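Contents: one structure, followed by commentary.
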Amino acid sequence: AQSVAQPEDQVNVAEGNPLTVKCTYSVSGNPYLFWYVQYPNRGLQFLLKYITGDNLVKGSYGFEAEFNKSQTSFHLKKPSALVSDSALYFCAVRDSNTGTASKLTFGTGTRLQVTL
Amino acid sequence: DGGITQSPKYLFRKEGQNVTLSCEQNLNHDAMYWYRQDPGQGLRLIYYSQIVNDFQKGDIAEGYSVSREKKESFPLTVTSAQKNPTAFYLCASSRLDRVQAGELFFGEGSRLTVL
């Protein structure tokens with residue numbers, strides 16, 4: 001079985017400071033990892049993904065994520081937070097051995113609050 | 001512009017009524033999905049379809065039904081058998097190849113409230 005954990009329900013950061021949203025995963029095979037963002041009363045938007053290759057993945061809106069196989073983590077980062085980054089962030093995982101997104105497992109989400 | 005359209009955005013239902021949520025996509029994606037979102041529980045998969053006239057149950061299919069008569073359309077019916085239907089419902093689509101399959105495109109969601 002595959003699973004995702006987002007240990008923090010909420011992360012608070014001041015604008016201009018770096019931010020990190022944590023994610024750890026468990027799969028039996030190699031992971032495909034994803035980050036999505038959700039603004040209030042909206043659908044989710046894809047931010048970035050790790051499939052293979054470089055452990056540092058760059059995505060939309062200046063976000064990046066670092067894949068760490070030994071720690072089974074895929075933390076989302078941004079060097080300088082903006083108030084407009086305030087949203088709900090979801091990590092998701094899929095085992096590379098499965099063929100479709102039906103096997104995508106989402107975490108419970110982390111609310112990011114960026115203040116002035 | 002290509003995308004996914006869900007309607008209605010807000011819906012109120014009385015106990016014992018069935019309601020149908022619409023989902024249409026013009027991305028030419030083969031796969032379509034319905035998720036339910038509840039506070040603190042993330043997204044849970046209700047049904048998914050990879051091809052017209054075929055669909056599979058997800059993790060929480062009881063009390064729901066779907067159809068896939070056209071590639072572009074994947075409506076979800078919330079039946080009276082669903083015990084706790086008040087939730088935010090999200091439709092999504094994706095390509096089917098192994099690498100792209102996890103990159104989902106979501107609609108704006110439909111919020112269902114049972115009175």
Of all residues being under 8 Å from the mean Cα position of the chain (by Cα) and within 22 Å of residue A:6 (Cα to Cα) in segment B:31-45, which is surrounded by the fewest Cβ atoms within 10 Å (Cβ to Cβ)? Just the residue, please. B:36
I'd like the full set of residues that are in a loop (DSSP other than H, G, I, E, B) and within 23 Å of residue B:79 (Cβ to Cβ), limited to segment B:1-38. B:8, B:9, B:14, B:15, B:16, B:17, B:18, B:38
How about segment A:54-93: which of its residues are in contact with a strand residue (DSSP E or B) (Cβ under 9 Å, 6 or more places away or on another chain), in a loop (DSSP other than H, G, I, E, B), among the polar types (S, T, N, Q) and over 28 Å from residue A:41 (Cβ atoms)? A:55, A:71, A:72
Regarding residue A:49, is this residue in contact with a His (Cβ under 7 Å, 6 or more places away or on another chain), under 25 Å from residue B:41 (Cβ atoms) and of a type outside the set (A, V, I, L, M)? no
All but one of (1) surrounded by 18 or more Cβ atoms within 10 Å (Cβ to Cβ); (2) over 18 Å from residue B:104 (Cα atoms); (3) over 13 Å from the mean Cα position of the chain (by Cα) hold for residue A:43; which doesn't? (2)
Listing of strands (runs of 3 or more DSSP E) fully contained in segment B:42-92 that carry 1 or more residues being small (Gly, Ala, Ser) and more than 16 Å from residue B:29 (Cβ to Cβ): B:64-66
State all residues of segment A:29-46 that are free of Cβ contacts under 8 Å to residues at least 40 places away in the same chain and either outside any loop (DSSP other than H, G, I, E, B) or on the phi > 0 side of the Ramachandran plot (or both); if no residue qualifies, say none. A:41, A:45, A:46
All but one of (1) at pLDDT below 90; (2) within 14 Å of another protein chain (Cβ to nearest Cβ) hold for residue B:16; which doesn't? (2)
Looking at segment B:21-31, is at least one residue of a type in the set (S, T, N, Q), touching a strand residue (DSSP E or B) at 6+ places or on another chain (Cβ under 7 Å), within 11 Å of chain A (Cβ to nearest Cβ) and touching a residue at least 60 places away in the same chain (Cβ under 8 Å)? no
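The values are calculated or read from the model by the stated rules, or taken from the named source; none is laboratory data. Since we're looking at a predicted model, the values are computed, not measured. All Cβ positions, glycine included, derive from the backbone under ideal geometry; neighbour counts span all protein chains shown.
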